[in-house]
Amino acid sequence: MVEAWYMDESQEDQRAPHRLQPNRAVSLEQLRFLGVTYRKLDADNYETDPCLKEIRKAENYSWMDIITIHKDKLPNYEEKIKTFYEEHLHLDDEIRYILDGSGYFDVRDKDDKWIRISMEKGDMITLPAGIYHRFTLDENNYVKAMRLFVGEPVWTAYNRPADDFPARKQYMKFLTGEAQ
């Protein structure tokens, strides 16, 4: 099961857990309140998994690829790691399915505090369009993930501040319960 917690303010290694002391755990229900959804799937059989097939059909995830983030596998590794960790949003949902390894997605709560979500093999997460977030490897320095999209992939990240985008405005309405 996924684990999430509020982060400390330390500027040390981004790959460290950065838990507050004492720990302030975040539940799946709290993540859902932010629009973040989580599923646990069978990563060992992702190519033939009927659950993944059904999710892709139900959510219209028509495009996918697999990315391996490791210094020996990803071109421009250091630059990419820095880019992934810049606080940003997307105009579409971000869907990631961890096939191997592990890492962290950090998301902002309604009070602009960071929540760290620990992702490992079999975890699938959907971050809603308009949510400020970032990604980093953990201390294992390796993750293999499936990226899923509705239609053609859009890779554009908009670094904060990006509050004037319709996706951000719609997300803020969702947080305040004003979304239709």
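The values are calculated or read from the model by the stated rules, or taken from the named source; none is laboratory data. What you see is a predicted model; the values in this text were computed from it and never measured. FYI the Cβ positions are ideal-geometry reconstructions off the backbone, even for glycines, and counts take in every protein chain you see. Calculation scope for accessible area: heavy atoms of the full protein, side chains included, ligands and nucleic acids excluded. Shrake-Rupley method; radii C 1.70, N 1.55, O 1.52, S 1.80 Å.
Ignoring ligands, DNA and RNA, what accessible area per residue does the chain give at 1.4 Å, in Å²?
57
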Exercise. Measure off, as a whole percent, the carbon and sulfur share of the 1.4 Å-probe accessible area of the chain, all protein chains present.
Key: 47
Quiz item: Considering only the other residues whose Cβ falls under 15 Å of the Cβ of D138, what net charge follows from Lys and Arg at +1 and Asp and Glu at -1?
Solution: 0
Practice problem: Express in nm, to one decimal, how much length is gained between K173 and N45 on full extension, taking 0.36 nm for each residue of separation and deducting their alpha carbon distance. | Solution: 42.3 nm
Quiz prompt | Entries in K57/K169; K57/K113; K53/K113; K80/K110; K144/K173 that, when Cα-Cα distance is taken, lie over 30 Å | solution = K57/K113; K53/K113; K144/K173
Quiz item: When N counts the residues of region 1-50, how does its alpha-carbon radius of gyration compare numerically with 2.2 N^0.38 Å, as a ratio?
Solution: 1.52
Practice problem: Rounded to whole Å and ordered largest first, report the semi-axes of the equivalent ellipsoid of the chain derived from its Cα gyration tensor (root of 5λ). | Solution: 23, 21, 17
Quiz item: What translational diffusion coefficient, in µm²/s and rounded to a whole number, does the Stokes-Einstein relation yield for region 1-106 at 20 °C and a viscosity of 1.002 mPa s, taking the hydrodynamic radius as the Kirkwood radius over Cα pairs?
Solution: 130
Quiz prompt | Linear extension gain, K113 paired with A25, 0.36 nm per residue minus alpha-carbon span | solution = 30.4 nm
Practice problem: Report, in cubic angstrom per residue, the convex hull volume of the C-alpha atoms of region 88-144. | Solution: 72
Quiz item: Rounded to a whole number of µm²/s, how large is the Stokes-Einstein D of region 39-83 at 10 °C and 1.306 mPa s, given Rh as the Kirkwood radius over C-alpha pairs?
Solution: 124
Practice problem: Only helical DSSP H runs with n ≥ 4 go in: add -39500 (n - 2.57) per run for the chain, normalise by residue count and round the 222 nm mean residue ellipticity to 500 deg cm²/dmol. | Solution: -5500 deg cm²/dmol
Quiz item: So what's the convex hull volume per residue for the Cα atoms of region 130-180, in Å³?
Solution: 138
Quiz item: For E79 and E9 in the same chain, what is the full-extension length gain: residue separation times 0.36 nm, less their Cα-Cα distance, in nm?
Solution: 22.9 nm
